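Notes for the one structure printed next.
The values are calculated or read from the model by the stated rules, or taken from the named source; none is laboratory data. What you see is a predicted model, and the numbers here were worked out from it, not measured in a lab. Reconstructed Cβ throughout: ideal geometry from the backbone, glycine too, with neighbour counts over all protein chains shown. Keep in mind that these areas ignore ligands, DNA and RNA; they rest on the heavy atoms of the full protein, side chains included. Shrake-Rupley method; radii C 1.70, N 1.55, O 1.52, S 1.80 Å.
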Amino acid sequence: MKRKKSSLLFKLIKGAVRLFYPGIRVVGTEFLPGEPSVIVCNHAKMNGPIACELYFPGQRKIWCTEEMMHTREVPAYAFHDFWSEKPKYIRWYYRILSYVIAPAASFIFNHADTIAVYRDRRIVSTLKETASALAEGANVIIFPEHHVPHNHIVNDFQTGFVDVARLYYKMTGKEIMFVPMYLAPRLKEMVLGKPVQYRHDAPKAEERTRICEYLMDTITDIACGLPKHTVIPYPNLPKKEYPTNIAETEDFHEKTSR
């Protein structure tokens, strides 16, 4: 597998981030199969990519939206995804900030072990690169939440990522395993759960639904089984509205559907 060249500047940045970003303990590594798999995790704002880049063990590739890999596209994406729900009186500051971070963001995501994720016909290249990375021995980490509420732990998953399993089967003759993982930054833990295996002979749409529902349910169960903590949600909510892992789902849905 072709690895990206890691520049001295990137190594320095990564080292600096590690100094200031709290150490994350990986729990449940016994659930990792003995061969490459797809790790599916809640996004937890930017915590997901950062924690996995710094602390997930072994050889891995991380899916990254392609907008964050192009300086000109970073501002619009970053503002919409991170700060669009900030109070109106302060949004001007975050619009400026989205431009300030653009060069650094694109540099970092182009030098990290990432796979660019496209939302158009180029998604085919994303799936091919992912299947190749798996075939060559790397785990691939994916954060498939999107802007549709599911419960107080995760948003609904986009289902298209499951299709990489079909391509991987064609390349290797093996049925890939999808491993759920819950990231709890406030507990400083990434907790893995029992994997689910792709069935190559089942209908494509059925496998998308079955696997995504299993992963969302298992991640939720993992979260709810941990000590009480604040959940870092996918929706762009004010921090005072962040739920806990024992919050009522109905209350959280009311906040996210405003």
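Things to note:
- Selection within region 1-24 - modelled with pLDDT under 85 and closer than 24 Å to ALA184 by Cβ: PRO22
- If you go through region 171-216 and keep only what is among the acidic types (Asp, Glu) and assigned to a strand (DSSP E or B), you end up with just GLU189.
- Complete set of residues in region 15-56 that are small (Gly, Ala, Ser), part of a helix (DSSP H, G or I) and under 16 Å from the mean Cα position of the chain (by Cα): GLY48, ALA51
- The single condition among (1) touching a residue at least 24 places away in the same chain (Cβ under 8 Å); (2) open to solvent by 20 Å² or more (accessible area, probe 1.4 Å); (3) assigned to a helix (DSSP H, G or I) that TYR168 does not satisfy is (2).
- Filter result (among the hydrophobic types (A, V, I, L, M, F, W, C) and buried (at least 22 other Cβ atoms within 10 Å of the Cβ)) within region 14-55: VAL38, ILE39, VAL40, CYS41, ALA44, ALA51, CYS52
- Summed over region 171-185, the residues that are touching a strand residue (DSSP E or B) at 6+ places or on another chain (Cβ under 8 Å), among the aliphatic types (A, V, I, L, M) and open to solvent by 10 Å² or more (accessible area, probe 1.4 Å) give a count of 1.
- Residues located in region 72-92, provided they are over 17 Å from LEU237 (Cα atoms) and over 21 Å from the mean Cα position of the chain (by Cα): ARG72, TRP92
- The numbered conditions (1) at positive phi; (2) within 16 Å of the chain's Cα centre (by Cα) are all true for MET68 except (1).
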